[in-house]
1. Could you tell me which numbered condition Ile168 fails, if it satisfies all but one of (1) out of contact with any Gly (no Cβ under 7 Å at 6 or more places or on another chain); (2) assigned to a loop (DSSP other than H, G, I, E, B); (3) closer than 18 Å to Leu79 by Cβ?
2. If a residue must be closer than 25 Å to Ser174 by Cα and outside any loop (DSSP other than H, G, I, E, B), how many such residues does the stretch 186-217 contain?
3. Check whether at least one residue in the stretch 117-125 is in a helix (DSSP H, G or I) and open to solvent by 30 Å² or more (accessible area, probe 1.4 Å), and report yes or no.
4. Give the residue, chosen from Ile150, Ile182, Ile200, Ile172, that is under 11 Å from Ile29 (Cα atoms) and in contact with a Phe, Trp or Tyr (Cβ under 8 Å, 6 or more places away or on another chain).
5. Scan the stretch 31-52 and tell me whether some residue there is in contact with a Pro (Cβ under 7 Å, 6 or more places away or on another chain), in a loop (DSSP other than H, G, I, E, B) and open to solvent by less than 50 Å² (accessible area, probe 1.4 Å).
6. List the number of the failed condition for Gly6; all other conditions in (1) surrounded by fewer than 14 Cβ atoms within 10 Å (Cβ to Cβ); (2) within 29 Å of Asp103 (Cβ to Cβ); (3) touching a Lys or Arg at 6+ places or on another chain (Cβ under 8 Å) hold.
7. Select, from Val163, Val187, Val191, the only residue that is closer than 22 Å to Leu219 by Cα, open to solvent by 20 Å² or more (accessible area, probe 1.4 Å) and aliphatic (A, V, I, L, M).
8. Which ones in the stretch 53-79 are touching a residue at least 40 places away in the same chain (Cβ under 8 Å), assigned to a loop (DSSP other than H, G, I, E, B) and surrounded by fewer than 18 Cβ atoms within 10 Å (Cβ to Cβ)?
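The values are calculated or read from the model by the stated rules, or taken from the named source; none is laboratory data. What you see is a predicted model; the values in this text were computed from it and never measured. Ideal geometry is used to build each Cβ from the backbone, glycine not excepted, and the neighbour counts take in all protein chains shown. Accessible surface areas use protein heavy atoms only, side chains included; no ligands, DNA or RNA. Shrake-Rupley method; radii C 1.70, N 1.55, O 1.52, S 1.80 Å.
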Amino acid sequence: MITFSGVSKKFGDKTVIWSLDINILKGEIVGFLGPNGAGKTTTMRLMLGYLRPAAGRIRIGGSDPESERLEVSRKAGYLPENNPLWVEMKVFEYLEFVARMKDVPPGEAVPAAVKSCGLAEVLTMPIEQLSRGYKQRVGMAAAIINDPEILILDEPTSGLDPVEQEKIRGMIRSYRRKKTVIISTHVLSEVEEMCSRVVIISRGRVVYDGSVPKKKGALSSIFKKKISA
């Protein structure tokens, strides 16, 4: 579903992604780990066509995000780390707007997303009045509103309280084998709990790509070893 073949990215004279080779299969939930500045968000933006690679080939569900960006936007839902929302809109207004932008019938898509993300009790509230947890749920609803095959989630539980973190994790677990999901996170326990596979990136390179170890503490040891190598 997601393929990177020799992908590099530069900003000016600085190379931030070095010849990435990644192949993510349908139905996988993959944890994307790395220290700050490792290149995780840049890699996600390359997947969506927000950035153009300096070299290499990217395919998202068989489509090129550079030349077929609209097609990729139909196949992939994205929740960025800063979760930009039009906060002056009410929840149902915003979700209806997103549905129309993604060319899906709001009458069908909005109720399904609302149910999945637990938003029924705040539908008529302005987004600016919501808690951080509910705002994140609105962002998740917008990402899944067109029932995409692929979900790309950048730090989806960052800054949430434990209750809201678990609700977001529960949503993500429910997509197992139904959607291909990539989760960028700094929380190793989230990867151990939700993911079957982990990709660790450090200084713009993949330094580990494999199954999530079952032994407690093993992922932490792998992470520390790989990013310090």
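1. (2)
2. Total meeting the criteria: 14.
3. Step one: of the stretch 117-125, the residues in a helix (DSSP H, G or I) are 117, 120-122.
Of the ones still in play, those that are also open to solvent by 30 Å² or more (accessible area, probe 1.4 Å) are 120-121.
Within the stretch 117-125 (the criterion being in a helix (DSSP H, G or I) and open to solvent by 30 Å² or more (accessible area, probe 1.4 Å)), the answer is yes, since at least one residue qualifies.
4. On the way: Ile150 fails: in contact with a Phe, Trp or Tyr (Cβ under 8 Å, 6 or more places away or on another chain); Ile200 fails: under 11 Å from Ile29 (Cα atoms); Ile172 fails: in contact with a Phe, Trp or Tyr (Cβ under 8 Å, 6 or more places away or on another chain).
When all the criteria are applied, what remains is Ile182.
5. Start the filter on the stretch 31-52 by keeping residues that are in contact with a Pro (Cβ under 7 Å, 6 or more places away or on another chain), which leaves 46-49.
With the extra rule that they be in a loop (DSSP other than H, G, I, E, B), the set shrinks to 49.
Now narrow it down to the ones that are open to solvent by less than 50 Å² (accessible area, probe 1.4 Å): 49.
So far as the stretch 31-52 goes, yes, one or more of its residues are in contact with a Pro (Cβ under 7 Å, 6 or more places away or on another chain), in a loop (DSSP other than H, G, I, E, B) and open to solvent by less than 50 Å² (accessible area, probe 1.4 Å).
6. (2)
7. Numbers: Val163 fails: closer than 22 Å to Leu219 by Cα; Val191 fails: open to solvent by 20 Å² or more (accessible area, probe 1.4 Å).
On inspection, the qualifying residue turns out to be Val187.
8. Filtering the stretch 53-79 for residues touching a residue at least 40 places away in the same chain (Cβ under 8 Å) gives 53-61, 74-79.
This time we only want the ones that are assigned to a loop (DSSP other than H, G, I, E, B), so: 53-54, 61.
Hit for the stretch 53-79 is Ala54, nothing else.
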